[in-house]
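The values are calculated or read from the model by the stated rules, or taken from the named source; none is laboratory data. These figures come from a predicted structure and were not determined experimentally. Here the Cβ positions follow ideal geometry from the backbone for every residue, glycine too, while neighbour counts run over all protein chains shown. The area values use the complete protein model at the heavy-atom level, side chains included, leaving out ligands, DNA and RNA. Shrake-Rupley method; radii C 1.70, N 1.55, O 1.52, S 1.80 Å.
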Amino acid sequence: MTPTARALRWRVAMTLPALLLATAATAQTATPPADDAAQARADTLVRQMTREEQLRAVFGYFPPMSKDRPADMIPSAGYVPGVPRLNIPTLRESDASLGVANQIEQRKGDVATALPASLALAASFDPDLAYRSGAMIGAEARAKTFNVLLAGGVNLTRDPWGGRTFEYLGEDPLLAGIMAGESIRGVQSNHIVSTVKHLALNPQETLRTTMDARIGEADLRESDLLAFQIAIERGRPGSVMCSYNKLDGDWACENDFLLNQVLKRDWGYRGWVMSDWGAVHSTVKAANAGLDQQSGRELDKAMYFGKPLADAVAAGTVTPARLADMNRRILWGVVSTGLIDHPVPTTAQTIDYAAHARVAQEAAEKGAVLLKNERGVLPLARTAKRIVVIGAHADVGVLSGGGSSQVRSVGGAPVEIPLTEGAAASFARITWHASSPLAAIRAMAPAATVTYLDGLDPAAAAAAARSADLAIVFAWQWRTEAQDVESLALPGLQDTLIDAVASANRNTTVVLETGGPVLMPWLNKVPAVLQAWYPGQRGGEAIANLLFGAVNPSGKLPMTFPASIAQAPRPTVPGLAEMKAADAARKTGGTYGMVERELVPVVPYAEGAAVGYRGYLKDGKRPLFPFGHGLSYTQFRYDGLKIEGGDQLRVRFTVTNTGRVAGADVPQIYATAGRRAGATTRLIGFERVTLAPGERREVSVTVDPRVIADYDVAGRRWHVAAGRYPITVGHFAGDAALSGTATLAERSVKP
């Protein structure tokens, strides 16, 4: 097939209407009250509550472990009884990072739409998609009678081995903040509450409930906290969830600096702080430091709120005004989102799962990243006669991540592997969604003979590849909440498998289903690599569309892929060796003298604000694939750079599709900025642009001054120093397709 003829077969995935809310329950259109009106209404309600009602509202149950459950207590993540006489709703909470993850009910046959990993959403660089995917999850939650979603994960990826990395939005504070904020806004468009989580600096799962994260205030403000700040400003979440770990010696859920000084004073946040489940350690200190609600009290060592809080109020160690403030903040979240005026239905509603699946597939298609494509191996020719598909259960499904975000998806799980050991064994399972890449590939190439091998025998796979026109190897690495991966290598014999197949067939494509970076010792032998992440319940169809060019790849990496583990700021997981030694001692009856909860690794984040690509560029490290990298089946040119400085930085330029097919691009704007700890390269703007062949479009970005500023701790402000700032527009971090200089005036911004 000639390139021109093949080009006629290519198309860009159609975008679903921006107002897609397919469930009848989302028909509410009233605008929630403004902040001040919501505050006034919350004040009135608090004054009408009795002391007993106020004390009952500041702790929640973990329904699966609650005794004598009320009839309306769904056995999901959380339950907080309301006040019927005041029309204050009962709070019914579900995990929700990648869909309505109602773990208990799912075992009884309940299903929900499973989105791809959040990394795929981040890789789309598409705020509109983030909003619509959030709206979809919120619609399903509301239809299932939930009204609080434990969503909005915004923790930055500091370490490539992080077990929960797939639930978050990458390593850059601007990208993560924007995407999380829009997702939260989408959830709350259904008049239910979304959280933003986990505040703060909780990037590792090993000993996550005891680790002590250490970092300077300015560094924290310029990185992880900036992501939270942007997400809160854009999304206006009803609640913030504090994390398990310690921050500079104090537990995050009783950290006065984090909760009172930063969140509530500096950012003016009016909603409530709920704890993570099992993250509370005190009554008086936690309440006075800014924790407003103890969540899932059954998972804490003790009941810290409720009666102990009542005793503290009676003793004067916690004031009645503070108890009232805790309730006022909860009610602000309930009122400001519109939940109080638009209560969720009391019985489950019909859900248009087919429409919601299209959102999941769009996210998978926009978020997949074409890492490599030599010799134009992709898109695959539909005229191929013999195709062999190998590995990763690609005959029946696609992999998903584990933990509280795990969604029992529509269609079921054809493969489930229980864990027999490890911190996640009690609640996580290795699961594939029922979306067969093999079936989708056969549908795309109906004239071909498409065979499948499980890949457990590399020699057999190589023999099959040798006699095929095309070989597609699916490789996987599973990640989960509660455990970090101990190696960036693909598990088992997968590296050997890929090497053998690529040696046998020069037209080998590797599809990676992973929750973060992996090492690729076979990369020089493989002409094409597609990073599919965990692609959700329509992942098989999305992957086939991308491989055959029905959809043009457009995803960009939201994190750096290291060339070796030695490039990571922490090549080994802090505390892992000690935890293993303690576990081994317990199993053998030894006298090691420690249990896991007594291990408190102090983790100094020496890279500070130079997270991810900032650190790689600062230190001159060349990664395997840089942040922002992602190829297309067409080409894009940038020109006409115009930079406006002074008090406000604005950058304009033109993007042109110079290829033969339509496609989407994400031009990225970087500045070299920073006086406090040395200059670093920082993403200061981006825009996703979809263009027909030959089409040109101007991109104009007004830059948030905080992303180029230093944080002045003594002055409690952001400070932009007067001077000249190098500006680049590129296809990835470190690229300089266009370059110029901005001359900026000195400027200070409130924290």
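If R₀ is 35 angstrom, what is the calculated FRET efficiency for the pair Ala692 and Thr44, using the beta carbon separation as r and rounding to 0.05?
About 0.05, to the nearest 0.05.
What does the charge dipole of the chain about its Cα centre add up to, to the nearest 20 debye, if the Cβ of each Lys and Arg holds +1 and the Cβ of each Asp and Glu holds -1?
I would put it at about 1140 debye.
Lys621 versus Arg375, label points 7 Å from Cα toward the beta carbon: distance in nm?
Simple spin-label model gives 3.3 nm for this pair.
What are the trypsin sites (Lys or Arg not before Pro) within segment 66-143 that DSSP puts in a loop, where the Cβ has at most 12 other Cβ atoms within 10 Å?
The qualifying sites are Lys67, Arg107, Lys108.
Assuming R0 = 56 Å, what is the FRET efficiency of Asp256 and Ala434, from their Cβ-Cβ distance, to the nearest 0.05? Intermediate results must be reported in sequence, preceding the final value.
Numbers: r = 48 Å, r/R0 = 0.86.
So the FRET efficiency works out to roughly 0.70.
Looking only at GluC sites (Glu not before Pro) in DSSP loops with at most 11 other Cβ atoms within 10 Å, what is the longest site-free stretch of the chain?
Looking at the chain, 1-420 is the longest stretch - no exposed GluC sites (Glu not before Pro) with at most 11 other Cβ atoms within 10 Å.
According to a simple spin-label model (label point 7 Å from Cα along Cα-to-Cβ), what is the distance in nm between Ser487 and Lys587?
Going from the Lys587 label point to the Ser487 one covers 1.7 nm.
How much of the DSSP beta bridge set in the chain is antiparallel, as a percent to the nearest 5?
So the antiparallel bridges in the chain amount to around 60 percent.
Provide, for q = 0.23, 0.25 Å⁻¹, the log10 of I(q)/I(0) from a solvent-free Debye sum over equal Cα point scatterers in segment 360-453.
-1.26, -1.33
If I model a spin label at Ala354 and Asp72 as a point 7 Å from the Cα along the Cα→Cβ vector, what separation in nanometres do I get?
Those two pseudo-labels are separated by 3.4 nm.
Counting each DSSP H run of 4 or more residues in the chain as -39500 (n - 2.57), what helix-only mean residue ellipticity at 222 nm follows after dividing by all residues, to the nearest 500 deg cm²/dmol?
Computed ellipticity for the chain at 222 nm equals -7500 deg cm²/dmol.
If you wrap a convex hull around the Cα atoms of the chain, how much volume per residue is inside, in Å³? Provide the component values of the computation, followed by the final result.
Working: hull volume 115.2 nm³, N = 751.
In the chain, the Cα hull volume divided by residue count equals 153 Å³.
So how do 174-180, 237-243 stack up, highest first, on mean other-Cβ count within 10 Å?
Result, highest mean Cβ count within 10 Å first: 237-243, 174-180.
Using DSSP to define loop residues, name the trypsin sites (Lys or Arg not before Pro) in segment 322-429 whose beta-carbon has at most 15 other beta-carbon atoms within 10 Å.
In loop regions of segment 322-429 (DSSP not H, G, I, E or B), the sparsely surrounded trypsin sites (Lys or Arg not before Pro) are Lys385.
Considering every pair of different Cα atoms, what Kirkwood radius, in Å, is found for segment 452-497? All intermediate terms of the calculation are to be shown ahead of the outcome.
Values: mean 1/r = 0.0814 Å⁻¹.
Result for segment 452-497 stands at 12.3 Å.
What part of the accessible area of segment 504-575, given as a whole %, is carbon or sulfur when the probe is 1.4 angstrom?
53 percent
Any chance you could give the angle, 0 to 90 degrees and rounded to 10, that helix 494-504 forms with the longest Cα principal axis of the chain?
Helix 494-504 and the main axis of the chain meet at about 20 degrees.
How compact and how long is segment 639-696, expressed as Rg and Dmax of its alpha-carbon atoms in Å?
Calculated on Cα positions, Rg and Dmax stand at 14.7, 46 Å.
Kirkwood Rh and Cα-based Rg: tell me the resulting Rg over Rh for segment 144-224, rounded to two decimals.
So for segment 144-224, dividing Rg by the Kirkwood Rh gives 1.01.
Using a simple charge model, +1 on the beta-carbon of Lys and Arg, -1 on the beta-carbon of Asp and Glu, nothing else, what dipole does segment 106-193 show about its Cα centre, in debye to the nearest 20?
So the magnitude is around 440 debye.
Once each part is reduced to its C-alpha centroid, what is the distance from segment 375-434 to segment 543-557 in angstrom?
18 Å
Which whole-number percentage describes the relative contact order of the chain, with Cα contacts under 8 Å and a sequence gap of 6 or more?
Once divided by the residue count of the chain, the mean separation gives 15 percent.
Between Gln635 and Val713, what is the FRET efficiency for a Förster distance of 56 Å, r being their Cβ-Cβ separation, to the nearest 0.05?
Efficiency for this residue pair is about 0.80.
Any chance you could run the full-extension gain for Lys580 through Arg382? It's 0.36 nm times the residue separation minus the Cα-Cα distance, nm to one decimal.
Between Lys580 and Arg382, full extension yields an extra 66.3 nm.
By DSSP, what percent of the beta bridges with both residues in segment 353-481 are antiparallel, rounded to the nearest 5?
40 percent
Could you give the accessible area per residue of segment 159-314, probe 1.4 Å, as a whole number in Å²?
Numbers: 3260 Å² over 156 residues.
Heavy-atom SASA per residue in segment 159-314 reads 21 Å².
Counting only residues 5 or more places away or on other chains, whose amide H sits under 5 Å from the amide H of Val602 once H atoms are built in the peptide plane?
Distant-sequence amide H within range of Val602: Asp212.
Cut-off under 27 Å on the C-alpha distance; same-chain residues fewer than 8 positions from Lys556 excluded. Which lysines are left, in chain and number order?
Cross-link targets: Lys197, Lys366, Lys372, Lys525, Lys618, Lys621, Lys642.
Quick one: net charge of Gly271's neighbours, Cβ under 13 Å, K/R +1, D/E -1?
Working: positive: Lys197, Arg236, Lys264, Arg270, Arg328, Arg329; negative: Asp35, Glu233, Asp292, Asp325.
It works out to a net charge of +2.
At 0.36 nm per residue, minus the direct Cα-Cα distance, what do Val415 and Thr346 gain on full extension? Give it in nm, one decimal, please.
Working: separation 69, 0.36 × 69 = 24.84 nm, distance 3.39 nm.
Residue separation times 0.36 nm, minus the Cα-Cα distance, leaves 21.5 nm.
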